[in-house]
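*Asks:* Before I ask anything, let me first share the structure, which is written out below as structure tokens.
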Amino acid sequence: MIHTLKIGRPPACTRSFLSPRFSLALPYNSRFSKQFHNSANGAASSAPEPFGVLKALQSSNDTVPAPTIFSREFSLVDRVALVSGGIGGIGLEASLAMVEAGVRAVYCVDLPDSPSAEWTAVRAYATRMQSIGGEGRLEYVSANVRDQDQMWKVAKTVGDHCLSYPAQTFQEVLETNVNGVLFTAQAAGQQMRRFERGGSIVLMASIAGHNAFKDHALVQYHTSKAAILQMARSLACELAPEGIRVNSVSPGFVNTRFPKPFLDAKPELAQIWENMNPMRRLAQPHELRGVLVWLASDASSFCTGSECVILLSTPLARI
Ligand SMILES: NC(=O)c1ccc[n+]([C@@H]2O[C@H](COP(=O)([O-])OP(=O)(O)OC[C@H]3O[C@@H](n4cnc5c(N)ncnc54)[C@H](O)[C@@H]3O)[C@@H](O)[C@H]2O)c1
């Protein structure tokens, strides 16, 4: 999950990401909060510079055009991001993409006491970007998103038959995939409300929330991801008046650690999954960078309550 909180300079200051520990963003928020204390609903108090067609119409013939699409709409400069599940897979890919888009700090929340070697190497790479003008850095926060108290303080799926699916495991999946997502969104949203600069929350759903896959004993996962779609709509309605946008992303199968146990147990699944989409392949984590930065940035400013389905699955894959 990714949350973006607007914190910085006018007119477009946002921090992005999904993550549990938003209080860690406080030094930046404190720095900018007074500057924008008059702003309401995420809008800056000063009139924003024109861009797009308005800027073109207002420019004189002797003005050198200055494109803004990447420097402004897609820019995440002066924002802070929170990413849960941030030490690997889609979360780590999203974290680096946020830094490249200008985020000042990405707080990566995950379970281990210390981050993975992969995360540490990516952090070093992000730090080296500072030599070419980048400002961003990755910070690691050890936390369990199921722990609401912990999340608030810090800003397994198994295959089985649905009729015999163990209650405890079902509960564990929902606690992580549903409760954990809500607690993380709450942690980020509370911080966004506090600083009255709005923000963007991106909930990670799945095509498994839209479709029920035949021949897959996934009642727990299907249920949890369908809940995320509705959670995003509900949060979007409640938080829109505060300038906080909430959207969901539904990838198809992505080549991360996540599907590996299934593929190890049933290698034939790889071809079944590949055949579920027109391109006949699994996605790579980096192929989600664009949509995640787009949703975190002002480039998607009219987008809330939306479901971004990243991979079409064919009717054969669903009931
Ligand atoms: N990989 C896919 O095919 C795919 C497809 C659709 C949706 N998704 C969704 O994308 C998200 C990321 O998946 P991924 O493929 O990057 O998997 P991944 O296993 O590579 O990463 C998930 C991360 O979440 C962390 N995590 C798990 N429980 C946690 C908890 N309670 N508190 C904090 N961190 C916790 C794990 O340690 C891990 O680092 C998940 O919500 C998944 O359901 C994945």
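*Asks:* Looking only at segment 242-256, decide whether some residue is away from the ligand (no atom under 14 Å from the Cβ), of a type in the set (S, T, N, Q) and buried (at least 18 other Cβ atoms within 10 Å of the Cβ).
*Replies:* yes
*Asks:* Now a separate question. Do the conditions hold for LEU235, that is, is it open to solvent by 10 Å² or more (accessible area, probe 1.4 Å) and either within 12 Å of the ligand (Cβ to nearest atom) or over 25 Å from LEU76 (Cα atoms) (or both)?
*Replies:* When the stated conditions are applied, LEU235 does not pass them.
*Asks:* For segment 263-286, give me the residue count where each residue is touching a helix residue (DSSP H, G or I) at 6+ places or on another chain (Cβ under 6 Å) and either closer than 19 Å to ILE87 by Cβ or among the aromatic types (Phe, Trp, Tyr) (or both).
*Replies:* 2
*Asks:* If we scan segment 59-73, do we find a residue that is β-branched (Val, Ile, Thr) and either within 15 Å of the ligand (Cβ to nearest atom) or under 14 Å from the mean Cα position of the chain (by Cα) (or both)?
*Replies:* No, the conditions are met nowhere in segment 59-73.
*Asks:* Of all residues in segment 128-152 being among the polar types (S, T, N, Q) and either open to solvent by 60 Å² or more (accessible area, probe 1.4 Å) or in contact with a helix residue (DSSP H, G or I) (Cβ under 9 Å, 6 or more places away or on another chain) (or both), which is farthest from the ligand (Cβ to nearest atom)?
*Replies:* Residues of segment 128-152 among the polar types (S, T, N, Q): 130-131, 142, 144, 148, 150.
Pick out the ones that are also either open to solvent by 60 Å² or more (accessible area, probe 1.4 Å) or in contact with a helix residue (DSSP H, G or I) (Cβ under 9 Å, 6 or more places away or on another chain) (or both) and you get 130-131, 144, 148, 150.
On the way: GLN130: 25, SER131: 28, ASN144: 4, GLN148: 12, GLN150: 9 Å.
Result: SER131.
*Asks:* If the Cβ limit is 8 Å and pairs must be 6+ apart or interchain, which residue in segment 47-74 that is over 25 Å from CYS303 (Cα atoms) pairs with which residue that is outside any helix (DSSP H, G or I) and open to solvent by less than 90 Å² (accessible area, probe 1.4 Å)?
*Replies:* If the second residue must be outside any helix (DSSP H, G or I) and open to solvent by less than 90 Å² (accessible area, probe 1.4 Å), the pairs left are GLN58/PRO50; PRO65/SER59.
*Asks:* Quick check on segment 94-123: of everything there that is out of contact with any strand residue (DSSP E or B) (no Cβ under 9 Å at 6 or more places or on another chain) and closer than 30 Å to GLY52 by Cβ, which residue is nearest to the ligand (Cβ to nearest atom)? Steps first, please.
*Replies:* In the first step, residues of segment 94-123 are kept if they are out of contact with any strand residue (DSSP E or B) (no Cβ under 9 Å at 6 or more places or on another chain); the result is 97, 100, 117-118, 121.
From what's left, closer than 30 Å to GLY52 by Cβ: 97, 100.
Numbers: ALA97: 13, GLU100: 18 Å.
So, considering only residues that are out of contact with any strand residue (DSSP E or B) (no Cβ under 9 Å at 6 or more places or on another chain) and closer than 30 Å to GLY52 by Cβ, the one nearest to the ligand (Cβ to nearest atom) is ALA97.
The values are calculated or read from the model by the stated rules, or taken from the named source; none is laboratory data. Predicted model, so just to flag it, every value in this text is computed and none were measured. As a convention, Cβ positions derive from the backbone with ideal geometry for all residues, glycine included, and neighbour counts pool all protein chains shown. All accessible areas refer to the heavy atoms of the entire protein, side chains included, with ligands and DNA or RNA removed. Shrake-Rupley method; radii C 1.70, N 1.55, O 1.52, S 1.80 Å.
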